[in-house]
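Down below is the structure, laid out as structure tokens.
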């Protein structure tokens, strides 16, 4: 099966945005309001479908793992100025990990 290559938004971000929009749809647009347990059930099914979609049609290392390593590692030299843009986010994630590890 050939990989689908589309320009523009990365597939992982596209899937994350579609899951967020699906949650907002379930939470605020469906009337009468759904109980949280039903929203959680639908979101679990949607997440399972999103994971299957990503694993079937894309190279997981290229789509999911490499952007995470690039974000946490500071970017690839000469590729883009994204490393400087993501620096505050990296520091926040590091502080959050330390905070969560101290709680236990």
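Where a number appears in this text, it was derived from the coordinates with a stated rule and is not lab data. These numbers come from a predicted model, not from an experiment. Please note: Cβ atoms are built from the backbone with ideal geometry, for glycine as well, and neighbour counts cover all protein chains shown.
Worth a mention:
- Ellipsoid semi-axes in whole angstrom, largest first, where each is sqrt(5λ) of the Cα gyration tensor of region 11-103: 30, 19, 13
- Using R0 = 22 Å, the C-beta based FRET efficiency linking residue 90 and residue 61 works out to 0.60.
- Most tightly packed first, judged by the mean number of other beta-carbon atoms within 10 Å of their residues, the peptides 91-98, 19-26 read 19-26, 91-98.
- Computed E for residue 99/residue 36 - FRET, C-beta separation, R0 35 angstrom, nearest 0.05: 0.85
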